[in-house]
1. Could you look through segment 205-217, keep only residues that are open to solvent by less than 70 Å² (accessible area, probe 1.4 Å) and either more than 11 Å from the ligand (Cβ to nearest atom) or part of a strand (DSSP E or B) (or both), and pick out the one that is farthest from Ser256 (Cα to Cα)?
2. From the list Leu53, Leu87, which residue is within 28 Å of Asn245 (Cα to Cα) and in contact (Cβ under 8 Å) with a residue 12 or more places away in the chain?
3. Out of all the residues in segment 190-204, which are in contact (Cβ under 8 Å) with a residue 40 or more places away in the chain and open to solvent by 10 Å² or more (accessible area, probe 1.4 Å)?
4. Can we say Pro225 is away from the ligand (no atom under 13 Å from the Cβ) and either open to solvent by less than 40 Å² (accessible area, probe 1.4 Å) or charged (D, E, K, R) (or both)?
5. Please determine, by comparing only the residues of segment 234-284 that are part of a loop (DSSP other than H, G, I, E, B) and open to solvent by less than 10 Å² (accessible area, probe 1.4 Å), which one is nearest to Asn185 (Cα to Cα).
6. Got at least one residue in segment 58-74 being within 19 Å of Pro150 (Cβ to Cβ) and open to solvent by less than 20 Å² (accessible area, probe 1.4 Å)?
7. Scanning segment 21-45 for residues that are small (Gly, Ala, Ser) and out of contact with any Leu (no Cβ under 6 Å at 6 or more places or on another chain), which turns out farthest from Ser222 (Cα to Cα)?
8. Quickly run through segment 176-196 and pick out the residues that are within 16 Å of the ligand (Cβ to nearest atom) and under 17 Å from the mean Cα position of the chain (by Cα).
Amino acid sequence: MLNCTMDETEKIKVTLTKTVTYLRNAWGKINPEVALICGSGWGEISEIFPNSLSINYSEIPGFSSTTVEGHEGILSLCEINQKQILLFQGRRHLYEGEGWDPIRFPVLLANELGIQNLLLTNAAGGINPNFQVGDLMIVEDHINFMDSNPLIGASLNPKIPRFPDQTEVYDNTLRQRLQEIAKKNDLPFVKGIYLGLSGPAFETPAEINAFRVLGADAVGMSTIPEAMIGNGLGMKVLAVSCISNLAAGISEEKLSHQDVKQAAQIALPKMKAFFSAFLRDLLA
Ligand code: HPA
């Protein structure tokens, strides 16, 4: 279901109202300033927030359960410096076959709650030959090769223009700030262009060669739709990839989701340090 008719737009609004009411009933006063959507293997950064309140996606109206291992399906209300963060442990993907709705919903919900800062994380295959497994890449821009566009159809929200500008999808101020904080804390990072595909098959070496020529530094199956919707809504978007493997043909090894998860697990302390330092500064 890639299109969104007027009726569906109305349905989204009704569902969002139900979801917000449910969350306010469950958690009381909610006023989060940041939404953080965790990609493969990133869920455990929840450990940087000791006093969180959590609900399974399956219990929340409007949410659908995740179907991929490494995506927990838990929504948490977290705190740093007495400011709230909405943490999505687990995301949906186009390859799961349910269209854009489940992918768009968390971003629309974050917007409905008045959240301005949208932080996205993912696991990605490294194309840039200077990248190593375990590197954290700050996404500077993206190439959408997902074969479709999450903004097709009737407006998801009146704030989203029909033809959104995309010259700075990933907010420059947030990116600079993250770099400064990382440097100050001696946390290494790389920067680059993320190319997104629908998946679920990993790429062929010939495809990766082609993407390298096109200027991609890393490849993955997520993040772009959420970033496009957040940008359309006027949110400040920031994305970080964990390079969980070298892309097909860059190394001789065959690719598996198991290895992606394992690499993310090894990089976890770095991922936690990165976001802990950044959020403490952002929400000071
Ligand atoms: N390709 C696509 N998606 C991915 C990869 C990859 O190599 N690694 C993690 N997600």
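1. Taking segment 205-217 first, the residues open to solvent by less than 70 Å² (accessible area, probe 1.4 Å) are 208, 210-211, 215-217.
Then keep just the ones that are either more than 11 Å from the ligand (Cβ to nearest atom) or part of a strand (DSSP E or B) (or both); that gives 210, 215, 217.
Numbers: Ala210: 21, Gly215: 24, Asp217: 20 Å.
Looking at the filtered set, the residue picked out is Gly215.
2. Numbers: Leu53 fails: within 28 Å of Asn245 (Cα to Cα).
Leu87 is the lone residue from the list that is within 28 Å of Asn245 (Cα to Cα) and in contact (Cβ under 8 Å) with a residue 12 or more places away in the chain.
3. Of the residues in segment 190-204, the ones in contact (Cβ under 8 Å) with a residue 40 or more places away in the chain are 190-200, 202-204.
Scanning segment 190-204 gives Val190, Lys191, Ile193, Leu197, Ser198, Gly199, Pro200, Phe202, Glu203, Thr204.
4. Values: away from the ligand (no atom under 13 Å from the Cβ): yes; either open to solvent by less than 40 Å² (accessible area, probe 1.4 Å) or charged (D, E, K, R) (or both): yes.
Considered against the rule, which asks whether it is away from the ligand (no atom under 13 Å from the Cβ) and either open to solvent by less than 40 Å² (accessible area, probe 1.4 Å) or charged (D, E, K, R) (or both), Pro225 comes out as yes.
5. If we filter segment 234-284 for residues that are part of a loop (DSSP other than H, G, I, E, B), which is where we start, we get 234-235, 247, 249-250, 252-256, 283-284.
Applying the additional criterion that residues be open to solvent by less than 10 Å² (accessible area, probe 1.4 Å) yields 247, 283.
Numbers: Ala247: 29, Leu283: 17 Å.
Going through the qualifying residues, I end up with Leu283.
6. Here is the first cut: in segment 58-74, the residues within 19 Å of Pro150 (Cβ to Cβ) are 62-64, 66-68, 71.
From the residues that got through so far, the ones that are open to solvent by less than 20 Å² (accessible area, probe 1.4 Å) too are 71.
Yes, because at least one residue in segment 58-74 is within 19 Å of Pro150 (Cβ to Cβ) and open to solvent by less than 20 Å² (accessible area, probe 1.4 Å).
7. Step one: of segment 21-45, the residues small (Gly, Ala, Ser) are 26, 28, 35, 39-41, 43.
Cutting the leftovers down to out of contact with any Leu (no Cβ under 6 Å at 6 or more places or on another chain) gives us 26, 28, 39-41, 43.
Working: Ala26: 29, Gly28: 32, Gly39: 8, Ser40: 10, Gly41: 13, Gly43: 15 Å.
Going through the qualifying residues, I end up with Gly28.
8. Residues of segment 176-196 that are within 16 Å of the ligand (Cβ to nearest atom), as a first pass: 190, 192-196.
Within segment 176-196, Gly192, Ile193, Tyr194, Leu195, Gly196 qualify.
The values are calculated or read from the model by the stated rules, or taken from the named source; none is laboratory data. Source: prediction; values computed, not measured. Because the Cβ atoms are built from the backbone with ideal geometry, glycine has one as well, and the counts that use them run over all protein chains shown. When the accessible area is computed, the model is the full protein with side chains, heavy atoms only, and any ligands, DNA or RNA have been set aside. Shrake-Rupley method; radii C 1.70, N 1.55, O 1.52, S 1.80 Å.
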